[in-house]
Structures are given as structure tokens and as C-alpha cells.
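The values are calculated or read from the model by the stated rules, or taken from the named source; none is laboratory data. Just so it is clear, the model here is predicted, and its values are computed rather than measured. So basically every Cβ, Gly included, is an ideal-geometry build from the backbone, and we count neighbours across all protein chains shown. To get the accessible areas, we keep the full protein, side chains included, count just its heavy atoms, and leave off ligands, DNA and RNA. Shrake-Rupley method; radii C 1.70, N 1.55, O 1.52, S 1.80 Å.
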Amino acid sequence: MRVWHEKYEKAGLTIVGVHTPEFLWEKPYAKVETAAKKFGIRYPVVQDNGYAIWRRFGVWAWPTLVLVDKNGFVRYRHIGEGAYRETDSVIQRLLTEGS
């Protein structure tokens with residue numbers, strides 16, 4: 001996601017990381033903040049300790065990537081690692097829609 005942020009932010013892509021903890025020790029805000037700094041994450045990360053965002057988007061596994069278009073519709077979902085080229089293609093297509 002860091003690469004997509006750097007590559008497409010100026011084209012209009014907005015990335016919001018959602019941290020939904022799997023374990024109790026992942027819940028403290030300070031740990032999320034430290035990890036974001038350690039990994040050089042420059043886009044916003046929200047903390048979803050109560051699983052509200054997780055449920056809203058029907059997520060059931062870590063990691064899950066969801067692409068939402070500028071009208072708020074989910075247009076793509078990928079569960080697990082990988083599919084980077086496919087995801088990149090969808091991002092490019094969504095960024096050019098309506099331009």
C-alpha cells in the first residue's frame with residue numbers, strides 16, 4: 001500500500017489503512033502509532049478495535065484490501081497477500097473513470 005500511495009496519491013488515490021487487531025496486545029494506540037512509524041506509513045491509519053469497519057465491509061480475514069470508488073461503492077476486494085498487478089490495474093482503471 002505504501003507503493004500505491006506514493007505512485008497514485010497525486011492522481012487522486014486516497015488510502016486509509018484500517019487496523020483491526022487480531023490479538024489483545026495489538027489494541028493499544030501507541031503500538032499502532034509505533035508500527036506505522038517503523039514501517040514508514042504516510043497515509044492515515046484508523047484503529048478499529050470494535051470491528052465496526054471490519055463488519056461494515058464484510059471482512060473476515062487478515063489482510064483484506066477493499067477498493068472503494070469516488071462514489072462510495074466497493075469495486076474490488078482481495079483477501080490475503082498477492083494479486084498486486086491485478087490490484088494495480090484496478091486502481092489505474094478507477095482513477096481514469098470519469099476523467
* Asked: Once both axes come from the Cα atoms, what is the angle between helix 84-96 and the longest principal axis of the chain, in degrees from 0 to 90, rounded to 10?
  -> 60 degrees
* Asked: So what is the relative contact order for the chain, in percent, with contacts set as C-alpha pairs under 8 Å and at least six apart?
  -> 24 percent
* To do: Any lysines with Cα under 26 Å of the Lys70 Cα? List them, leaving off those in the same chain fewer than 8 positions away.
  => Lys7, Lys10
* Asked: Tell me, what % of the accessible area of the chain is carbon and sulfur with a 1.4 angstrom probe?
  -> 57 percent
* To do: Report, ordered by chain and residue number, the lysines lying within cross-link reach of Lys37, taken as a straight Cα distance under 19 Å and ignoring same-chain residues fewer than 8 apart.
  => Lys27
* Asked: Angle, helix 29-38 long axis vs. longest principal axis of the chain, Cα atoms, 0 to 90°, nearest 10?
  -> 50 degrees
* To do: Could you tell me what fraction of 2.2 N^0.38 Å the Cα radius of gyration of the chain comes to, as a two-decimal ratio?
  => 1.12
* What does the charge dipole of the chain about its Cα centre add up to, to the nearest 20 debye, if the Cβ of each Lys and Arg holds +1 and the Cβ of each Asp and Glu holds -1? -> 140 debye
* Asked: Under a point spin-label approximation (7 Å from Cα along Cα-to-Cβ), what is the Ala52-Tyr29 distance to one decimal in nm?
  -> 1.4 nm
